[in-house]
Amino acid sequence: KGTIFFEFRPVTELFEEQVKLHPEKCAVVSGKESFTYAQLNERANRIANALVEKGVRRETIVGVVLERCCDFYAVRQGILKAGGAFAVATPDYPDEGSGNFEDSGAPFIITTKKIAEERRELFAKLPCTVLLIEELLENENTENPQVKIGEHDLCYCIYTSGSTGK
C-alpha cells in the first residue's frame, strides 16, 4: 500500500476546467437571473483583468459590498483570478462595521453605483478606493489572467464580533 499525494490546484483553475467542460451549463442562479459557466467566466475575467490593471496582486484584500446576485459570484471569482482575497459585507452593514475594511488594509471596495450613492458618506470615511462593478465590467479583456496563485495564499477574509463586539 502506497502513499497518496494530492496535487494543489487553485479553485480558479478548477473553475476554468469546468468552463471548458461545460460552457453552456448553468453555473449560478439568483432570482430570475442566471449565468452559464462561460458567461460567469467572461465576467470574472473582465473584473480580474481590471483589478490587475489597478494593482491587485497576490493576497491583496478587496472589499465587496454587494447584494447577493449573479454578479456577486463573478466579483468573488474575479478577485481570486487576480490573485486577491475578498472581504464581504452586506450593503446594509452598520457604519461601525466599516472598521473591518480599515483593519484588513483593503485598498479597494467593489460595489454598485446604486450602493455607492446610498452609502456615500460611509465610503468617504474609508481609506479605500471605491470601484464600481459597472465600470469593471467594461474592461474588454476577457482572457483568463495569468496570475500564479500559491497553495498558502489568502483567499477570504472574514470578521466576526466574537466576545469583543468589534
Exercise. Residues in segment 10-17: is at least one modelled with pLDDT under 95, open to solvent by 70 Å² or more (accessible area, probe 1.4 Å) and among the hydrophobic types (A, V, I, L, M, F, W, C)?
Worked result: yes
For this session: Can you confirm whether segment 26-47 contains a residue that is hydrophobic (A, V, I, L, M, F, W, C), over 18 Å from Ile149 (Cβ atoms) and out of contact with any helix residue (DSSP H, G or I) (no Cβ under 7 Å at 6 or more places or on another chain)?
Result: yes
Exercise. Taking the stated definitions as given, is Arg57 out of contact with any Leu (no Cβ under 6 Å at 6 or more places or on another chain), in a loop (DSSP other than H, G, I, E, B), within 16 Å of Pro145 (Cα to Cα) and touching a residue at least 24 places away in the same chain (Cβ under 8 Å)?
Worked result: yes
For this session: Pairs only if they're at least six apart or on different chains, beta carbon under 6 angstrom, first in segment 122-141 and modelled with pLDDT under 95 and open to solvent by less than 60 Å² (accessible area, probe 1.4 Å), second of a type in the set (Val, Ile, Thr) and not in a loop (DSSP other than H, G, I, E, B); list them, first residue then second.
Result: Phe123/Val130; Cys128/Ile109
Exercise. Given the structure, is Arg46 open to solvent by less than 60 Å² (accessible area, probe 1.4 Å) and among the basic types (Lys, Arg)?
Worked result: yes
For this session: Of the numbered conditions (1) assigned to a helix (DSSP H, G or I); (2) in contact with a Lys or Arg (Cβ under 8 Å, 6 or more places away or on another chain); (3) modelled with pLDDT of 95 or more; (4) within 16 Å of Asp153 (Cβ to Cβ), Ala44 fails exactly one; give the number of that condition.
Result: (4)
Exercise. Pick from segment 67-94 the residues that are at pLDDT 95 or above and among the aliphatic types (A, V, I, L, M): which of them is most open to solvent (accessible area, probe 1.4 Å)?
Worked result: Leu80
For this session: Mind telling me which of the residues Ala38, Ala87, Ala27, Ala82 ends up being among the small types (Gly, Ala, Ser) and under 21 Å from Arg119 (Cβ atoms)?
Result: Ala87
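The values are calculated or read from the model by the stated rules, or taken from the named source; none is laboratory data. Small disclaimer: the values here were computed from a predicted structure and weren't measured. As a convention, Cβ positions derive from the backbone with ideal geometry for all residues, glycine included, and neighbour counts pool all protein chains shown. We work out accessible area using only protein heavy atoms, side chains counted, and drop any ligands, DNA or RNA first. Shrake-Rupley method; radii C 1.70, N 1.55, O 1.52, S 1.80 Å.
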